[in-house]
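> Just dropping this structure here.
Quick note: the coordinates plus some simple rules give every number you see, no bench work behind them. As the structure is a computational prediction, the values presented were derived from the model and not from experiment. Heads up, the Cβs are rebuilt from the backbone with ideal geometry, glycines too, and the neighbour counts pull from every protein chain shown.
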Amino acid sequence: MFESVKASMYESLRPVLPLPMWQKLLFLLATFALIGATYFYMGWMPLQQEMTRQQSQLKMQKIILAKNQRLAHDLPRKQREYARLEKQLKVALNMLPKKSQIPDLLENVSWAGKDSGLEFKTFKPGRDVNKQIYAEVPVTFKIAGSFRQLLTFLKRVGEMPRIVDVKNMTLKQDKSGDKLSVSGQAVTYRFVEVAAGKAHKGRRQTGRRK
């Protein structure tokens, strides 16, 4: 086998042997240049490209790792903040009665006025105004009494565990000047309860959009 390879090399070099020495050297240099160019384009360049790609991936992985480390370091603070907001939400929801509790709340407002000595001439609940997770429940009222009785009523309403806003009040004195005729609006808020069927439908539509 070695002899056949040797013979093959001799045959391939036969045309070069009669040439002058400088031409032989030129041929040898050209051969080495061809081998070097072949190695450069078929071996070195792909290797460099792969190394560059691997370095880019490594750099990206380092950036992702640093980001995840920052998130992990900030996680306890985020958890504490979430717990605090969740607690505040529960407190706020407790201040918003459910629909079934509204009649009792309005009755408490009415009794607060009567206990203060006020005379209710009108106490008329209006139509609810929906505001996403809560709804406004307005009540139009007309009452009569002294200024001190009115202040006592407003104080008692403000001390209720549920939120009740008294707004748009108009005060008029009667002819004797002893009593006030007061008209205005008491607005309380209730939690909007989503029906189970609607909630399920909403989740199903959300899933379809995904």
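> Using the Cα gyration tensor of the stretch 99-191, with a ≥ b ≥ c the square roots of its eigenvalues, what is the shape: rounded (a/c below 1.5), prolate (a/b larger than b/c) or oblate (neither)?
Numbers: a/c = 2.45, a/b = 1.90, b/c = 1.29.
In terms of gyration-tensor shape, prolate.
> If packing is taken as the mean number of other Cβ atoms within 10 Å per residue, what is the order of 135-141, 161-167, highest first?
Top to bottom by mean Cβ count within 10 Å: 135-141, 161-167.
> Let me ask something additional. Using Cβ contacts closer than 10 Å as the measure, can you line up Asp128, Asp178 from fewest to most?
Ascending Cβ contact count within 10 Å gives the list Asp178, Asp128.
> Among the lysines in the stretch 99-191, how many pairs, 8 or more places apart or on different chains, have alpha carbons under 16 Å apart?
The number of close lysine pairs in the stretch 99-191 is 14.
> Let me ask you something else. Mind sorting Tyr134, Tyr82 by how few other Cβ atoms lie within 10 Å of their own Cβ, fewest first?
Tyr82, Tyr134
> Sort 181-192, 36-47 by the packing proxy (mean of other Cβ within 10 Å over each peptide's residues), most packed first. Show your work: numbers first, answer last.
Details: 181-192: 18.4, 36-47: 10.4.
Going by the mean number of other Cβ atoms within 10 Å, highest first, we get 181-192, 36-47.
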